[in-house]
Amino acid sequence: MVWRSVRAGGDTKTEKSRRTLALPRLCVDALRGHRERQALARRKAGDLWEENDLGFAGKQGTELDAANVRRASE
């Protein structure tokens, strides 16, 4: 679903409505490990890396599609 906003700047949240979420330690550790592996992939790809500010990206920083995800889980 795509969220749209009528607010100036297109933001979907007001300052008052922003919340944080506490994550279990297991999740935090898994995400930190993922960040480290992604940093290694970024260094390995070198100039081929496309910085798209994605939390989960392909081997060169590109957006994942369903076929990439299925292939990676084989």
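The values are calculated or read from the model by the stated rules, or taken from the named source; none is laboratory data. This structure is a prediction, so every number in the text was calculated from the model and none was measured. Note that each Cβ is placed from the backbone with ideal geometry, even for glycine, and that neighbours are counted across all protein chains shown. Heads up: the accessible areas ignore ligands, DNA and RNA and are worked out on the full protein's heavy atoms, side chains in. Shrake-Rupley method; radii C 1.70, N 1.55, O 1.52, S 1.80 Å.
Points to keep in mind about this one:
- In this structure, ARG70 does not satisfy being at pLDDT 85 or above, outside any loop (DSSP other than H, G, I, E, B) and among the basic types (Lys, Arg).
- The lone exception for ARG18 - which of (1) open to solvent by 100 Å² or more (accessible area, probe 1.4 Å); (2) at pLDDT 85 or above it fails: (2)
- Lone unmet requirement of (1) loosely packed, with under 11 Cβ neighbours inside 10 Å; (2) modelled with pLDDT under 95 for LEU26: (2)
- Restricting GLY61, GLY46, GLY33 to those that are part of a loop (DSSP other than H, G, I, E, B) and open to solvent by less than 50 Å² (accessible area, probe 1.4 Å) reduces the list to GLY61.
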